[in-house]
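Just so it is clear, none of the values below were taken in a lab; they were calculated from the coordinates. If you're wondering where the values come from, they're calculated on a predicted model, not measured in any experiment. Here Cβ is always computed from backbone atoms with ideal geometry, including for glycine, and neighbour counts include all displayed protein chains.
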Amino acid sequence: MRTTGQNLNIVIDNLRVSYTDLGSDNRQVIIFIHGFPFNKTMWNDQLEALKENYRVIAYDIRGFGSSNPGQSDFTIDLFADDLINLMDALKIKKAIVCGLSMGGYIALNAIGRYPKRFEALVLSDTTCMPDTPEIKAKRLLAIENVMEKGVENYAEASLKNFFAIESFTQKQEEIGLVKTMILNTPKTSICKALIAMCDRNETESILPEIKVPVHVMVGEQDTITPLASAQFMNLRIKNSSLSIITQAGHLANIDNPTEFNDQLRKFADWFVQSSLDFKMDEAYLTKD
Ligand code: MLT
């Protein structure tokens, strides 16, 4: 029997995973994967907006939010395996998966290795490219800083990259919530995830192989994974569409949730409707 609610726990291979599961049983499932260094609550607005018509699940990646870190080093492969293990544990064969930034790295890794588990994909403010040497160097410096000066310092330095310019005067509450998410992330998880991102492989080569519909989204002022990254993926993925979220930076879903949710809903509604049409055509063609 399915359990619904916020902050649920499930133990998978000795790892406690915290997740929120809302909406009706028989609806299309959408699974949300958060970015770095945040947690599942970054999707609160989306869960609220879509729960009436969808089964929506957001979970804490290992080491973030309320999920245990486990014993091993972090890798994007491991995070992608965790996604599939969670789907297995929740008895979800296939889903629409929506990942933002590091969540997108995980989703792209997973669709390359487990294509059958995806019905559609939403890639928000992310990239298929591996880290450049400059980004790797910055991550290593960030690890040193976190270890020496602590997470508070890291939070202050990184917050300025996450929002649109105008949000710094207009969205104090949202910025405060993101800061709290960062401050609540253990030092070790921050460092282990920085290494995982440094070491991740490119996923550009899998883009032409993706068979399911993909919607790419990007905040117009995203400076971490900018518009060009989104346009590149949109060009390479056959069955894909792109929306640019206005007045939004890297955390487009928090910066402009109204526009983000509208675009996400439009894509998910279109996907559900076209699957229904397809099933009806199939039924018509196979009837005696
Ligand atoms: C994120 O939001 O997940 C990070 O900006 C990803 C990254 O540092 O590459």
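Worth pointing out:
- Axis of helix 76-89 versus longest Cα principal axis of the chain: the two differ by about 40°, to the nearest ten degrees.
- Phi angles of region 61-67 translate, via the Karplus equation with coefficients 6.51, -1.76, 1.60 and θ = phi - 60°, into HN-Hα couplings of 4, 3, x, 10, x, 9, 8 Hz per residue; Gly and Pro are given as x.
- Sparsely packed loop sites in region 206-288 (the trypsin sites (Lys or Arg not before Pro) outside DSSP H, G, I, E and B with at most 15 other Cβ atoms within 10 Å) comprise 211, 238, 287.
- Built amide H within the under 5 Å cut-off of residue 98, gap 5+: 31, 32, 33, 122
- Extending 7 Å from Cα along the Cβ direction at residue 261 and again at residue 140 yields two label points whose distance is 4.4 nm.
- For region 36-94, diffusion coefficient by Stokes-Einstein and Kirkwood Rh (Cα), 20 °C, 1.002 mPa s, µm²/s: 168 µm²/s
- Here the chain carries DSSP beta bridges of which approximately 30% are antiparallel, counting only pairs with both residues inside.
- Given their separation in residues at 0.36 nm each and the Cα-Cα distance between them, residue 26 and residue 238 gain 73.4 nm when the chain is fully extended.
- All alpha carbon pair distances within the chain were sorted into 10 Å bins beginning at 0; the resulting P(r) in whole percents reads 6, 30, 38, 20, 4, 1, 0, 0.
- Over the chain, relative contact order from alpha-carbon pairs under 8 Å, at least 6 apart, %: 18 percent
- Listed by chain and number, the lysines placed with their C-alpha closer than 16 angstrom to that of residue 192 are 136, 138; residues fewer than eight positions away on the same chain are left out.
- Within the listed set 134, 144, 174, the Gaussian network model of the chain (springs between alpha-carbon atoms below 10 Å) gives the highest mean-square fluctuation for 134.
- Sites residue 165 and residue 269 - FRET efficiency at Förster radius 25 Å, r taken between beta-carbons, to 0.05: 0.20
- Degrees separating the helix 133-149 axis from the principal Cα axis of the chain, which is the longest one: 60 degrees
- Size check on region 68-132: the Cα extents along the three principal axes, sorted descending, read 38, 31, 18 Å.
- Fluctuation leader among 252, 107, 228 - the chain, Gaussian network, Cα springs under 10 angstrom: 228
- Near residue 7, once Lys and Arg are set to +1 and Asp and Glu to -1 for all other residues with Cβ below 14 Å from its Cβ, the sum equals 0.
- Considering only Cα atoms, the convex hull volume of region 2-66 works out to 78 Å³ per residue.
- Helix axis angle, 227-236 relative to the chain longest principal axis, alpha carbon, degrees: 30 degrees
- FRET E, pair residue 132, residue 153, Förster distance 30 Å, beta-carbon r, rounded to 0.05: 0.80
- Dipole check for region 120-208: with +1 at the C-beta of Lys and Arg, -1 at the C-beta of Asp and Glu, and the Cα centre as origin, the magnitude is about 220 Debye.
- Less than 5 angstrom separates the built amide H of residue 12 from those of 17, all sequence-distant by 5 or more or on a different chain.
- Dipole magnitude of region 177-288 about its Cα centre (Cβ charges: Lys, Arg +1; Asp, Glu -1), debye to nearest 20: 400 debye
- The stretch between residue 286 and residue 227, if pulled fully straight at 0.36 nm per residue, gains 16.8 nm over its current Cα-Cα span.
- Calculated P(r) of region 154-288 - Cα pairs past 23 Å, %: 51 percent
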